[in-house]
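See structure below.
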Amino acid sequence: MIPQMVDVETDVVVVGYGAAGGAAAISASDNGANVVILEKSKVPTSNSRCSAGNQMYPKDASFKEQYKKYLHAVSKGTVDKDTVDVFVEGLLKNPEWFKKLGGDLQVFRFPPATISLYIPSVTYSHIPEAKGLQLELYNLKQTETCPEHTGGDRVWNLLNRNLKKRSNVKIMLGTPAKELVKNDKGEIVGVIAESQGKSIFIKAKKGVIMTCGGFEFNEDMKREYLTPNPIFSFGNPDNTGDGIKMCQKIGADMWHMTKQATYLAPKVPDYEAAFVINLLAPGFVYVDKRGRRWADETHIECHEFWLPLSDFECEDFEYPRVPTYLIFDEEVKKIGPISYATMGYNVIANKYIWSSDNQAEIKKGWIVQAKNIPELAKKLSLDEKTLVATISRYNELCKANKDTDFGRPREFLKALEPPFYAISLWPCLFNTQGGARRDKDARVLDPDGKPIPRLYAAGEFGSIWGFLYQTSTNFSETIIFGRIAGENAAQLSPVES
């Protein structure tokens, strides 16, 4: 039922103020629409803002068509070909769009010392569609006009600065959306939200765009859709799947609800969000709850850690790799922070910067230290005999200069010597992918595949990536489909009263 009293009237309502919401609002504004952005958080700290802000591009235009075929193959039929094609075509328009806003993209290369953060440019280089494909990673260049330290923060602030210049855009912070409003024709004509403890109705004469992120902090949804368990997040604690429930209530179809981008990282009781890990020297291993090493620690694609971590042992009825323990040596401890300050809610919102020598985190008790492996096993409550055997075996492989157990490259083999350090690592979400199903025009679809009139979506909320994830395509998606949604909603004729 449409509320009789209209508190705010506009052309386009954008629900969620991350990169997708900002891009949608700019695009709608550029196409002549008045826009209201509703943001749940009092301080906008979307997952895109907390991210590294990286985008993967074909190295040059000659790889465009192959990139489409490759992404379609990676998607395994979970998204239609037209949507993948639109993604690539939109991707190639991103650099010029950023330039118009006052920002420049640059090639981004991870420091050569990076060991644990495995991000190949072509994630699945062994599949036929990847043969010869060349991709390059980009992010927004840090300049005087884009001074922020992290890539995602630079993009969000660039969008924010541009939006604040526009008289036809109103941003309402601390105003969570609660319900989508339908008219008798099935059109979405507005949003009921909460402002200062009161329910308000924002009428949308042209359309509503859902850019409200995922469900990283909704424990019920994570238990239902994701493995392993528990699973934490690097992002905004306000991401609780509100938009998913809103869209379900008005008959939208859901897709990709079981898909995720997940890393292995420290989660400490002091903070709701996790810390991103990055190791700068090779003196480390991962062991499970039994004290067993379980992988080549340097070659697990960082967005797909949920796959090996989801190994479930029926005999013991648990995930033996949750948590996993990072055991490392003095060199790793001294060479630099094991958690780097290039992304994450704790960096952007909580302003926590990990100590350069990890000493502060040792004092906090986050990192355990020990003189020998038996002592370390006791402090971690691991089986002493198993952990001693695991580290002895690893050291033997290092001395032989060949990891016959898991194939860790020779250049990353280094025997562990006392003193020893350890920290528990958990599966931690960069983001979820699930939400309302959408098409190439960013229109939200019902279970029959028909567009729900005047309802659009972009970004992490119903991401197009539904099988495995090609690295650094989520952030690109926020901009591409945000622009598409904003333009298409703005060009609609006003709803009939």
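The values are calculated or read from the model by the stated rules, or taken from the named source; none is laboratory data. Here the structure is a predicted model, which is why all the values come from computation and not from measurement. Here the Cβ positions follow ideal geometry from the backbone for every residue, glycine too, while neighbour counts run over all protein chains shown.
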Selection count, the range 190-215, where residues are of a type in the set (D, E, K, R) and surrounded by 19 or more Cβ atoms within 10 Å (Cβ to Cβ): 3
Failed condition for Glu96, given (1) farther than 20 Å from Thr473 by Cβ; (2) of a type outside the set (A, V, I, L, M, F, W, C); (3) assigned to a helix (DSSP H, G or I): (1)
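Pick out the one residue from Gly186, Gly132, Gly152 that is outside the structural domain of Pro337 (by TED's automatic domain parsing), more than 17 Å from Thr10 (Cα to Cα) and not in a loop (DSSP other than H, G, I, E, B).
Values: Gly186 fails: not in a loop (DSSP other than H, G, I, E, B); Gly132 fails: not in a loop (DSSP other than H, G, I, E, B).
Matching residue, one of Gly186, Gly132, Gly152: Gly152.
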Residue ID - surrounded by the fewest Cβ atoms within 10 Å (Cβ to Cβ), chosen from residues in the range 393-417 that are free of Cβ contacts under 8 Å to residues at least 12 places away in the same chain and over 33 Å from the mean Cα position of the chain (by Cα): Thr404
Hey, Val79 under 21 Å from the mean Cα position of the chain (by Cα), surrounded by 20 or more Cβ atoms within 10 Å (Cβ to Cβ) and part of a loop (DSSP other than H, G, I, E, B) or not: yes
Elements of type helices (runs of 4 or more DSSP H) in the range 313-366, at least 2 residues being crowded, with 16+ Cβ neighbours inside 10 Å and either in contact with a Leu (Cβ under 8 Å, 6 or more places away or on another chain) or charged (D, E, K, R) (or both): 330-335
So Ala261, is it within 30 Å of Val13 (Cβ to Cβ) and in a strand (DSSP E or B): yes
Which listed residue is modelled with pLDDT of 95 or more, in a loop (DSSP other than H, G, I, E, B) and aromatic (Phe, Trp, Tyr), from Tyr70, Tyr17: Tyr17
Count of the range 449-467 residues which are surrounded by fewer than 18 Cβ atoms within 10 Å (Cβ to Cβ) and touching a residue at least 24 places away in the same chain (Cβ under 8 Å): 3
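Here is a yes/no grid of residues against (1) farther than 28 Å from Gln359 by Cβ; (2) part of a helix (DSSP H, G or I):
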residue	(1), (2)
Leu376	no, yes
Leu382	no, no
Glu396	yes, yes
Lys399	yes, yes
Phe406	yes, no
Leu416	no, no
Ile423	no, no
Odd one out for Ile300, checked against (1) free of Cβ contacts under 8 Å to residues at least 60 places away in the same chain; (2) under 20 Å from the mean Cα position of the chain (by Cα): (1)
Total residues in the range 124-167, condition touching a residue at least 60 places away in the same chain (Cβ under 8 Å) and within 23 Å of Leu280 (Cβ to Cβ): 7
